[in-house]
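See below for the structure under consideration.
Any read-out appearing in this document is the output of simple, stated calculations on the displayed coordinates, not a laboratory observation. All figures in this text were calculated on a predicted structure; none of them were measured in a lab. All Cβ positions, even for glycine, are placed from backbone atoms using ideal geometry, and neighbour counts span all protein chains on display.
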Amino acid sequence: MNPGPSDRSKQLAADKRAIAKERSARQRDVAAARRERDREGWRARRDASRERQHAGVSRALRDRDVSLLDLIDRLLDGGVVIYGDITLAVADVDLLYVGLRAMVASVETIERDLGVSLSARGASLDASAL
């Protein structure tokens, strides 16, 4: 007995469903593998971040024994620049503007790094004259 056209179309439909199921299963497997790779990357980044944070905390704890005098000495030796702007506005009309630009450093640091002479020199200021 030779299969008829309806049997043949049923077989083709069944084959198409089987192929679609296989394709769907492959796509699910690929998506699952991609999600797992992404999770591994996230875990690696999270672990690296935790290690950096732990290193920062341990460094802060190790360097914690800095006296105020040492801190001020480091700031003045390197110099610090303070910069800020404040604008007081009402209804988008600027009423007051305050700009702050300050450099805090020791005289020795400014003279050494910037080449600006700030020391007062004169015959009356010599230690032997006093």
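Descriptive notes on the structure:
- Residues Ala55 and Glu108, FRET efficiency given R0 of 35 Å [Cβ-Cβ distance, rounded to 0.05]: 0.55
- Between Arg17 and Val90, the distance separating the two model label sites (each 7 Å from Cα on the Cα→Cβ line) works out to 7.9 nm.
- The amide H of Gly79, built 1.01 Å from its N in the peptide plane, has Ser106 as neighbours under 5 Å, considering only residues 5 or more places off or on other chains.
- Mean Cβ neighbour count within 10 Å, used as a protection proxy, ranking 43-49, 89-95 highest first: 43-49, 89-95
- A Förster radius of 35 Å, combined with the Cβ-Cβ distance separating Arg74 from Arg34, puts the computed FRET efficiency at roughly 0.10.
- Shape class for the stretch 68-125, computed from the alpha carbon gyration tensor (a ≥ b ≥ c): prolate, with a/c not under 1.5 and a/b above b/c.
- Net charge, Gln27 excluded, C-beta distance under 12 Å - Lys, Arg +1, Asp, Glu -1: +3
- Structural descriptor for the stretch 68-125: relative contact order 31 percent, calculated from alpha carbon pairs under 8 angstrom and at least 6 residues apart.
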